[in-house]
Number of protein chains: 2
Amino acid sequence: MPDQPSHKPSGPAAGDTPAELRADARRNRERVLDAAREVFAAQGVDAPMSAVARRAGVGVATLYRRFPTRSALVTAAFEDQLAVCATAFEEAQADPNPGHGLYTLLERICTTLVTDRGFETVFMAGFPEALAYDRQRAVAEERLSHLVQRARDAGQLREDFAPADIPLLLLAVSGLAAQPPETALPAARRLLTYLFQSFQAHPPSRPAPLPPAPPLDLSGLQRPVSAR
Amino acid sequence: MPDQPSHKPSGPAAGDTPAELRADARRNRERVLDAAREVFAAQGVDAPMSAVARRAGVGVATLYRRFPTRSALVTAAFEDQLAVCATAFEEAQADPNPGHGLYTLLERICTTLVTDRGFETVFMAGFPEALAYDRQRAVAEERLSHLVQRARDAGQLREDFAPADIPLLLLAVSGLAAQPPETALPAARRLLTYLFQSFQAHPPSRPAPLPPAPPLDLSGLQRPVSAR
DNA sequence: CCATAAGTGGACGAGGCCCTCCACTTGCCC
DNA sequence: GGGCAAGTGGAGGGCCTCGTCCACTTATGG
């Protein structure tokens, strides 16, 4: 085996370690990630790669060199946000009032879901190759079912509440994400409130008031239809 | 102006009147519509036109000649289904029990929403050029707000229920449509039940039982991600 | 059975996006 | 400064979909 003239102890891991990168390259990598976050949030994770590159002010080649596949870029772009999400799960589990913890957690997740189209896809679909997420996901699921169990034991959830109702709720909220955030956000809050009142084991005869209704009407339902 | 040698009193309206068509052409038109319904239901209204043509066993040219734009095809393909929908609105309005009428109506719509991806888009977005729908939509909206009013007057809906909660519910259900129908259908029923229990003005201290939970878990959230 | 016009299918150019390749530039270490 | 490998940008080939065009086929009325 020929000796290594390179002074680098190890090759760069794919888009992983900005440690060994040249200064300008590292800067560009960050710009790409920032651009990806913006573009994905606005247009979803299927946005053209060239759009991300343009926004970042780099060529496509630069983007592909650092992130060989779309999944790699998506994974890297949402790493932070998923970490925040994981923290939220921890905090929820730590909450002494399980019902409150659950509600707060879901409200947080739903806010992000409805605000960031990219996150919506990543979180709901589990992006391929985002294998690292699998562990997070498993942990999250663990924490969540604990939380549900505790809340039910504490008499805060009705008997026939099922763990599957959580993904059900998340899917429902993600349906609101088709609307612009100004509408989707109040809509999500209102939906959450409605659902949580139904989830309660012993609803008060006079239910708590709702957050304001979103500006929605039947003819205002807008979903971006590809108008080619 | 030159005289008209044609024996036809009027030109064929675009994709509208199969009356003046040659027999084989009319047959092909129907085959195209059937194919469109199937393909749109399975893949959504953005499915390639060529897929519809192939399924119908005709060339693309035939398809384009009969339906010059995608919208025209979509409009024609969902005409019947929207008529059914309009009927459902009428029936709901005619129901002596407004709460029951409202629930039945929404359950019907939601079932279709969750079963047919094409209908979901058409109904939620109002397809461009589907101007004829606008009238239906206006009528529907009229009926709906009547129904809500009556239900609230009858003490079947809580005070702070807003008409905007109907589109909210529809959007939420359409979020479930990302799942395969086997999952989405029970999910929709359960979600509807939850929400209706929340909508009630005076919920019983012991809420009615729920329909069975859908087979959903966090890691099972599937959304077709373009795996290019 | 024939003339004719309506109808048909597949080839084809346009346009968009993906991703690679390569000649050029630039930071880094001496 | 100077050499060099790391880094870069944009051109270009491949693939897919759209929608049109035209030479061929076929229903229909006499």
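Values as computed for the structure displayed
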read-out: Residue in the range B:202-209 that is in contact (Cβ under 8 Å) with a residue 24 or more places away in the chain and either closer than 18 Å to residue B:78 by Cβ or aliphatic (A, V, I, L, M) (or both) present; value: no
read-out: Residue check, residue B:96 modelled with pLDDT under 90 and of a type outside the set (D, E, K, R); value: no
read-out: Residue match in the range B:110-123 (condition: more than 30 Å from residue B:145 (Cα to Cα), out of contact with any helix residue (DSSP H, G or I) (no Cβ under 6 Å at 6 or more places or on another chain), among the β-branched types (Val, Ile, Thr) and touching a residue at least 40 places away in the same chain (Cβ under 8 Å)); value: no
read-out: Hits in the range A:193-228 (condition: of a type in the set (Lys, Arg) and modelled with pLDDT under 75); value: A:223, A:228
read-out: Only listed residue being at pLDDT 95 or above, under 26 Å from residue B:173 (Cβ atoms) and away from DNA strand C (no atom under 14 Å from the Cβ), chosen from B:102, B:82; value: B:102
read-out: Lone qualifier among A:190, A:158 - being in a loop (DSSP other than H, G, I, E, B), within 9 Å of chain B (Cβ to nearest Cβ) and modelled with pLDDT of 95 or more; value: A:158
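Rundown of residues vs (1) more than 23 Å from residue A:211 (Cβ to Cβ); (2) part of a helix (DSSP H, G or I); (3) at the interface with chain A (Cβ under 9 Å from one of its Cβ atoms); (4) in contact (Cβ under 8 Å) with a residue 12 or more places away in the chain, yes/no style:
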| position | (1), (2), (3), (4) |
| --- | --- |
| B:135 | yes, yes, no, no |
| B:142 | yes, yes, no, no |
| B:162 | no, no, yes, no |
| B:195 | no, yes, yes, yes |
| B:211 | yes, no, no, yes |
| B:215 | yes, no, yes, yes |
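The values are calculated or read from the model by the stated rules, or taken from the named source; none is laboratory data. Please read all numbers here as calculations on a predicted model, not as lab measurements. Note that we place each Cβ from the backbone using ideal geometry, even for glycine, and neighbour counts take in every protein chain shown.
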